[in-house]
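Engineer: Handing you this structure, nothing more for now.
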Amino acid sequence: MPRSPSRLTIVPLVVLVGIALTGCSSGSSKQATVSPLTATQAPAPTTDATTTAPTSDTATGSSLQIANFTYDPTPLTVAPGTTIPVKNTDGAEHTVTSDLAGLFKADDVKTGKTVSFKAPIKPGTYTFHCDYHARMHGTLIVK
């Protein structure tokens, strides 16, 4: 007995046909409708609310976390001159040191502590590292 197509094969095909029919309309105001899907629908994408301009020296959402020997987020995008708090939730001490000597540095960020540094005032992409852990790297975008 031949196998019938699985639901995982049919659902994407129905969605693609619906999209194709919508895109191929002849300019009339009548739109093709596609019946709603049940549990197989993907959630709608969300937008990142941290892209708003800073209202003061410290931008909301412009902070750096250190956990599991990684920087988060990377890249971090901030406005020029933003004060960036760095919180260390790791079990080891870290730094945030600009790869360009002397540009910025958050030194001796001990476990459970927060230390801040100022972003450069010139827009650009800046890489940084931890002085104590050679595999830790991150990127700061100033715009």
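Engineer: For the subset of the range 103-143 comprising residues that are out of contact with any Asp or Glu (no Cβ under 8 Å at 6 or more places or on another chain) and among the polar types (S, T, N, Q), which member is surrounded by the most Cβ atoms within 10 Å (Cβ to Cβ)?
Structural biologist: Ranking the candidates gives S116 first.
Conditions (1) part of a strand (DSSP E or B); (2) assigned by TED's automatic domain parsing to the domain that holds Q65; (3) closer than 17 Å to T70 by Cβ, marked per residue:
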{"position": "A92", "(1), (2), (3)": "no, yes, yes"}
{"position": "V96", "(1), (2), (3)": "yes, yes, yes"}
{"position": "L100", "(1), (2), (3)": "no, yes, no"}
{"position": "L103", "(1), (2), (3)": "no, yes, no"}
{"position": "D108", "(1), (2), (3)": "yes, yes, no"}
{"position": "K122", "(1), (2), (3)": "no, yes, no"}
{"position": "Y126", "(1), (2), (3)": "yes, yes, no"}
{"position": "A134", "(1), (2), (3)": "no, yes, yes"}
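Engineer: Restricted to the range 73-102, and to residues that are buried (at least 19 other Cβ atoms within 10 Å of the Cβ) and among the hydrophobic types (A, V, I, L, M, F, W, C), which residue is farthest from R135 (Cα to Cα)?
Structural biologist: Checking each candidate, the answer is V78.
Engineer: If G112 passes every condition in (1) closer than 17 Å to R135 by Cα; (2) assigned to a loop (DSSP other than H, G, I, E, B); (3) touching a residue at least 24 places away in the same chain (Cβ under 8 Å) but one, which one does it miss?
Structural biologist: (1)
The values are calculated or read from the model by the stated rules, or taken from the named source; none is laboratory data. Just so it is clear, the structure is predicted and the values come from calculations on it, not from any experiment. No Cβ is skipped: glycine too gets one built from the backbone with ideal geometry, and neighbour counts run over all protein chains shown.
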